[in-house]
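The structure under discussion appears below in the form of structure tokens.
Read the figures in this text as sums done on the coordinates, not as results from a lab. This is a predicted model, so every value here is computed, not measured. Don't worry about glycine lacking a Cβ; one is built from the backbone with ideal geometry, like all the others, and counts go over all protein chains shown.
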Amino acid sequence: MSNINKSLDYVSMASLFEGEGLKILVAYKGEKKLENFFVLNEFSYNDENLEKFKILFNMFNSEEKPKEFVDFFVEDEKFYAVFTYFQEDSIEKKYSKTFNTSHFDERCKILESILIYFESIYRFPRCILGCLSEPGNIRVDEEKNVHFIYDLRDMDKYIDEAKSMNLIFENISKVIYILLEPEAQAKFNKELHIVIDKCKRGVYTSIPQMVVELKRAEKISMNSSWGSYIRYQLSLRKDKIAKISKLSTALIMLMGAVYLVYSKINEGKNAGTAPTMVAIGGINYTGDTQDESDKTVSTENIDNQTGEVKSADIVLSPGLDIQYEDYIVQNGDTITSICNDYYKDEKFITAVASFNGLDINDMLTAGSILKLPNRTAVALYTSR
């Protein structure tokens, strides 16, 4: 883990943060080009940072280490956690109200990518999850791929396990609001306001539970009445309209309504062109590419109280295009035991069996590969 003067391999370009016992730098290693850029979290190796050292050491040596975590070493009474750096704008900047011109479907896909990534790393230490959930650490590139900056300055904020999940969901509420701000400001979408409010108040206990209600809110935004849509869009322009004479105002409002209706029609025609999800974190996610715009939200397999997937049979066709992880079957494994261990819940037994083309009572062969669908992906698919 430790090499003499290993830190000298990294040439600092910029400082993201400097505080007591911690520096966060952007540096490059080797040739100065984007793929060689890294985030260096430089901690003082002292008693105050001992717990952070243990967390990062175990994370680096874990089989579930994120692909962005590229190096960890100790040198000169300091320890370094090195992660891949992404130069793209944060969602705070890219999707601020001033610069946001992207379609609703596109922003929903990005939000789903973020939430699926969080579910895939849900077993990470909460102090790491907390840092990654901060909007300033979430980046989106030109191809709409989602990336995360491992800026760990706020680890102390999330060390307390009892309070950390409330803080994480509060961050998620900020992410939702940033990406869906125009819709969140529209008075006709009360469901979206409820989701954001529940995140802020720490009501949710899991990401899939929140995703189910968020999907309902998204459908309301997409299927809201044209009258509400036009009134809302015109209300955003009322200050400019008020400066024009009454006769001109009436004419412009009429022309604006016609233009918005035309845009709405074109947006519906182009809805199928929204980008598909891509590889994020350590897991590949391709998304469902089928046109499901005419489907309504199904609550048949959703608990009305918790928003979780019910234990009723969930059938997933083999080859269904949703995110999953490969699991190597061990001696003595059954579909039931694997679901209990991986999901901590037996309600996914039928889903896992059907997704792999098996019966729930089929014997499993040690060394074979079993595909385990992601919890959030199942919730998203079930709520469509």
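Brief remarks on what is shown
- For the peptides 165-176, 137-148, 22-33, residues were scored by their other Cβ atoms within 10 Å and the scores averaged per peptide; the highest-first order is 165-176, 137-148, 22-33.
- Nitroxide proxy distance, nm - points 7 Å out along Cα→Cβ at residue 161 and residue 103: 4.5
- Residue-by-residue Karplus 3J(HN,Hα) for segment 6-23, coefficients 6.51, -1.76, 1.60, Hz, glycine and proline x: 5, 5, 5, 5, 9, 9, 5, 10, 7, 10, 8, 6, 9, x, 5, x, 8, 10
- Extension gain for residue 34-residue 341 works out to 106.5 nm (0.36 nm per residue, less the C-alpha to C-alpha distance).
- Estimated inter-spin distance, residue 201 and residue 122, nm [label 7 Å along Cα→Cβ]: 2.3
- Scalar couplings 3J(HN,Hα) for segment 368-373, obtained by applying the Karplus form with A = 6.51, B = -1.76, C = 1.60 to θ = phi - 60°, are 6, 9, 10, 8, 10, x Hz; x denotes Gly and Pro.
- Here residue 327 and residue 74 are evaluated by their C-beta separation; at R0 = 45 Å the FRET efficiency comes out at 0.85.
- Whole-number percent relative contact order across segment 91-222, with pairs defined as alpha carbons under 8 Å at least 6 apart: 26
- Paramagnetic reach from residue 87 in segment 37-78 [backbone N under 17 Å; point 7 Å along Cα→Cβ]: 37-40
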